[in-house]
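In what follows, a structure is listed as structure tokens, so that the remarks can point back to it.
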Amino acid sequence: MAQSFVSTLRDPSLFVEKSYIDGQWISSTSTFNITNPATETLIGTCPESTMDDLNHAIRAASNAFPTWRALSGRQRGRILRKLFDLLVENKIDLGRIITAENGKAKADAEGEVLFSASFFEWFAEEAPRVYGDVIPHSNATFILWMVLISFYC
């Protein structure tokens, strides 16, 4: 890790040089350098994931899906809202990382973070309205079923 760059961040824990798979940070035996395009100084390293890493991530996502699917729209919305809040809370540091790795202007980089956050906000607000054919009830033992009947047929 390039200490000089990380020391510019308010929260250095945001700068992790590992892959996040199945709830754990995974080191890689192979990495590549990330350099600042303006100064050519080392920012850090990025893991080169293998096919095994990819398959592990796919299995983990597949195994986690039934738990996610069982959550209500409101519960999913809270999780997405937390991601929105974290992006906004850390926009300065995330913007610094974007600027350092690809040379974007500070305002553009922070704008990119906020733009990304806006998607989490949108879907967090929409999540409670994910009805499908069954409308969720506040009591998990009840199911509301909506049937549309046209009297014009």
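Throughout, read-outs are computed from the coordinates displayed, never taken from laboratory work. Values in this document were obtained by computation on a predicted structure and should not be read as measured data. When we count neighbours, we look across all protein chains shown, and the Cβ atoms used for this are built from the backbone with ideal geometry, even at glycine.
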Histogram of C-alpha separations across region 1-70, 5 Å bin width, %: 3, 15, 19, 18, 15, 12, 10, 5, 2, 0
The chain: relative contact order in percent, alpha carbon pairs under 8 Å with at least 6 residues between: 20
Solution diffusion estimate, µm²/s, Stokes-Einstein, region 72-130, Kirkwood Rh from C-alpha pairs, 4 °C, viscosity 1.567 mPa s: 110
Förster-model FRET efficiency, 22 Å R0, THR35 and PHE115, C-beta, rounded to 0.05: 0.30
Nearest 10 degrees, 0 to 90: helix 73-89 Cα axis against the chain principal axis: 20
P(r) histogram, all alpha-carbon pairs of region 1-137 included - 5 Å bins from 0, percent: 2, 9, 13, 15, 17, 17, 13, 7, 4, 2, 1, 0
Per-pair calculated FRET efficiency, R0 = 25 Å: ARG129 and TYR20 via Cβ, rounded to 0.05: 0.25
Radius 14 Å from Cβ of THR45, net charge of other residues (Lys, Arg +1; Asp, Glu -1): -2
Between 0 and 90°, nearest 10: helix 106-126 axis offset from the chain longest Cα axis: 20
Least to most buried among VAL16, VAL88 (fewest other Cβ within 10 Å first): VAL16, VAL88
Helix 51-70 vs. the chain, principal-axis angle (Cα, 0 to 90°, nearest 10): 30
CD proxy at 222 nm, helix term only [per DSSP H run n ≥ 4: -39500 (n - 2.57); per residue of the chain; nearest 500]: -16000 deg cm²/dmol
